[in-house]
Amino acid sequence: VAEKPRIRVGLVGAGSVARAHAHALLTLNHIGSLPARVEIVVVCSGSVDRARAFADEFGIPRWTTDWADVTADKTVDVVATLTPDAVHAGPSIEAAIAGKHVLCEKPLGRTASEAWRMVEAARTSGVVAATGFNYRFMPAIQLLRSFIDDGKLGQIRMFRGAYLQDWAASPDLEFSWRFDRTLGGGAVCDYVHIVDLLRFLGGEPIDVSSSLITSIDHRPTAEGPPRAVTNEDGYAAVLDMGWGIATLMASRCAVGCKGRQQIEVFGERGSCSWDMEDMNRLSVSLTDEAAGTDGFRSIHVTDSRFDLLGEWWGAGHSLGWEHALVHMWRAFLTQILEPSNPPTTLASFEDGWRAARITDAIKEAAHDRRPMPIDSPRAYIGATV
Ligand SMILES: NC(=O)c1ccc[n+]([C@@H]2O[C@H](COP(=O)([O-])OP(=O)(O)OC[C@H]3O[C@@H](n4cnc5c(N)ncnc54)[C@H](O)[C@@H]3O)[C@@H](O)[C@H]2O)c1
């Protein structure tokens, strides 16, 4: 039997999301029938202990504490940028310049202008460059998209996106990069997933009005006095979509919410509702149901005839959060290995930049207390960082 060719991945970042990416990459060697074998050949962390422990956990032959070792490594075909937001542009741009394909975690850049530099680097070198919008690859979201594309919901009138969590609800939680606006995005950028799903399902907004909130403005530190939180922990926005309106709301301090990412689409002939806390289900109501029996019914989206489910365990055997990362990596590596047949679901760097223009505009609208056009020069250039 002929051995499969290898595709070699270098990981920049060894934190919580890097573990999920490594898990997804290794899964692709037995699920997903890629025409190449995936190898993770090097991992980078800012901490020696963390880099070594991560390499041991996943059987990775080399580790480093300098991301330039990964982007310059001649044996690496693909770089995954999995670091805090402030360390997305540097490794991704260097990797693209070195001719390596790049998958970068969200948000692509801290601002649209930073994201645009990443788009340009990838375009100039012609590499495949993807943004880590993994929720596009949830089977229930795929089914929702197919309802819209097939016209089953009719013309869309309203969209509601929410991402509510409580991991930062306690004022005792220590300060970290996530509370510093120069290092991490705050709720608007951290939960950019709902901005991306709005674009993925409903297209481009025209303008936005919004408010931000920072309900816990100082956090304790291990080494000294409390530090000021310099980004928002929640926001609400109303967007003019041309076809109707959308609302977005996110918080990292919503007590009781674990992963309450909710997407609801209301059309002239039907509506759909999805909640990540019950991610295998899509609630659907269609007006062509018999009068008097209409209303929401819940589809358990696990049957292998649904998109993305053919390789898994069969109807009724629920998938988890990590499987969307497997699907995303399969689409990304397929685009590299079989470029003539690019997958349509994968978010490109340009998608990351378009989402960043919207997150810039959300912050600017809140700051100026007035509606902000998405394509205004300020939104393009980026007002922060
Ligand atoms: N798509 C998703 O669902 C999802 C989920 C969680 C996090 N994320 C994103 O992933 C990114 C990382 O988040 P996380 O939760 O894994 O963070 P984390 O703090 O757990 O891990 C960050 C990692 O980056 C390393 N690092 C930091 N600075 C570095 C530098 N200069 N050089 C090399 N390594 C460096 C750290 O050592 C650590 O290994 C963030 O941008 C976040 O928004 C995405």
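The values are calculated or read from the model by the stated rules, or taken from the named source; none is laboratory data. None of the values given here were measured: they were computed from a predicted structure. We place every Cβ from the backbone using ideal geometry, glycine too, and count neighbours over all the protein chains shown.
Return the residues of segment 1-54 that are surrounded by 13 or more Cβ atoms within 10 Å (Cβ to Cβ), in a helix (DSSP H, G or I), of a type in the set (A, V, I, L, M) and within 12 Å of the ligand (Cβ to nearest atom); say none if nothing qualifies.
Scanning segment 1-54 gives Val17, Ala18, Ala20, Ala22, Ala24, Ala51, Ala53.
Within segment 280-298, track down each residue that is in a strand (DSSP E or B) and more than 27 Å from Thr334 (Cβ to Cβ).
Listed by number, the residues that qualify are Arg281, Ser283, Val284, Ser285, Leu286, Arg297, Ser298.
When the residues of segment 181-201 are filtered to those that are within 12 Å of the ligand (Cβ to nearest atom) and not in a helix (DSSP H, G or I), which remaining residue is surrounded by the fewest Cβ atoms within 10 Å (Cβ to Cβ)?
Leu183
Can you find even one residue in segment 117-135 that is surrounded by fewer than 19 Cβ atoms within 10 Å (Cβ to Cβ) and not in a helix (DSSP H, G or I)?
Yes, the conditions are met somewhere in segment 117-135.
Of everything in segment 300-318, what is among the aliphatic types (A, V, I, L, M) and modelled with pLDDT of 95 or more? Give them in sequence order.
Val301
Quick one: which of Glu264, Glu277, Glu232 is within 30 Å of Cys189 (Cα to Cα), assigned to a loop (DSSP other than H, G, I, E, B) and touching a strand residue (DSSP E or B) at 6+ places or on another chain (Cβ under 6 Å)?
Selected residue: Glu232, the only one of Glu264, Glu277, Glu232 that is within 30 Å of Cys189 (Cα to Cα), assigned to a loop (DSSP other than H, G, I, E, B) and touching a strand residue (DSSP E or B) at 6+ places or on another chain (Cβ under 6 Å).
Could you say which residue among Gly109, Gly99, Gly90 is touching a residue at least 12 places away in the same chain (Cβ under 8 Å) and either assigned to a helix (DSSP H, G or I) or among the aromatic types (Phe, Trp, Tyr) (or both)?
Gly90
Among the listed residues Ser176, Ser146, identify the single one that is within 16 Å of the ligand (Cβ to nearest atom), of a type in the set (Gly, Ala, Ser) and within 22 Å of the chain's Cα centre (by Cα).
Of Ser176, Ser146, the one residue that is within 16 Å of the ligand (Cβ to nearest atom), of a type in the set (Gly, Ala, Ser) and within 22 Å of the chain's Cα centre (by Cα) is Ser176.
If a residue has to be farther than 24 Å from Arg178 by Cβ and out of contact with any Asp or Glu (no Cβ under 9 Å at 6 or more places or on another chain) to count, how many in segment 37-59 make the cut?
Of the residues in segment 37-59, 8 are farther than 24 Å from Arg178 by Cβ and out of contact with any Asp or Glu (no Cβ under 9 Å at 6 or more places or on another chain).
Just one of Leu325, Leu309 is outside any helix (DSSP H, G or I) and under 30 Å from Ser33 (Cα atoms); which is it?
Leu309
What pairs come out if I take residues in segment 128-141 that are under 18 Å from Ile336 (Cβ atoms) and pair them with residues that are outside any helix (DSSP H, G or I) and within 9 Å of the ligand (Cβ to nearest atom) whose C-beta lies under 7 Å away, six or more apart or interchain?
Matching pairs, first to second residue: Thr131/Cys104; Thr131/Lys106; Gly132/Cys104; Gly132/Glu105; Gly132/Lys106; Phe133/Lys106.
Quick one: which of Ala80, Ala122, Ala129 is out of contact with any Phe, Trp or Tyr (no Cβ under 6 Å at 6 or more places or on another chain) and modelled with pLDDT of 95 or more?
Testing whether each residue is out of contact with any Phe, Trp or Tyr (no Cβ under 6 Å at 6 or more places or on another chain) and modelled with pLDDT of 95 or more leaves just Ala80.
Please go through segment 55-82 and give me each residue that is more than 10 Å from the ligand (Cβ to nearest atom), exposed (fewer than 14 other Cβ atoms within 10 Å of the Cβ) and free of Cβ contacts under 8 Å to residues at least 24 places away in the same chain, ordered by number.
Asp56, Gly59, Pro61, Lys74
Of all residues being in contact with a helix residue (DSSP H, G or I) (Cβ under 9 Å, 6 or more places away or on another chain) and among the small types (Gly, Ala, Ser) in segment 237-269, which is nearest to Ile148 (Cα to Cα)? Just the residue, please.
Gly267
So which of Ala95, Ala72, Ala89 is more than 25 Å from the chain's Cα centre (by Cα) and modelled with pLDDT of 95 or more?
Ala72
If you check Phe179, Phe200, Phe175, which single one turns out to be farther than 24 Å from Gly352 by Cα and at pLDDT 95 or above?
After applying the criteria, what remains is Phe175.
Any chance you could count how many residues in segment 211-229 are surrounded by 13 or more Cβ atoms within 10 Å (Cβ to Cβ) and either touching a Phe, Trp or Tyr at 6+ places or on another chain (Cβ under 6 Å) or in a loop (DSSP other than H, G, I, E, B) (or both)?
Going through segment 211-229 one residue at a time, the tally reaches 9.
crowded, with 17+ Cβ neighbours inside 10 Å, without any contact (Cβ under 8 Å) to a residue 24 or more places away in the chain and more than 20 Å from the chain's Cα centre (by Cα): is that true of Ser304 in this structure?
For Ser304, the condition - crowded, with 17+ Cβ neighbours inside 10 Å, without any contact (Cβ under 8 Å) to a residue 24 or more places away in the chain and more than 20 Å from the chain's Cα centre (by Cα) - is not met.
Determine which single condition Ala324 fails, assuming it passes every other condition in (1) buried (at least 21 other Cβ atoms within 10 Å of the Cβ); (2) in contact with a helix residue (DSSP H, G or I) (Cβ under 6 Å, 6 or more places away or on another chain); (3) within 19 Å of Ser113 (Cα to Cα).
Going through the list (1) buried (at least 21 other Cβ atoms within 10 Å of the Cβ); (2) in contact with a helix residue (DSSP H, G or I) (Cβ under 6 Å, 6 or more places away or on another chain); (3) within 19 Å of Ser113 (Cα to Cα), Ala324 breaks only (3).
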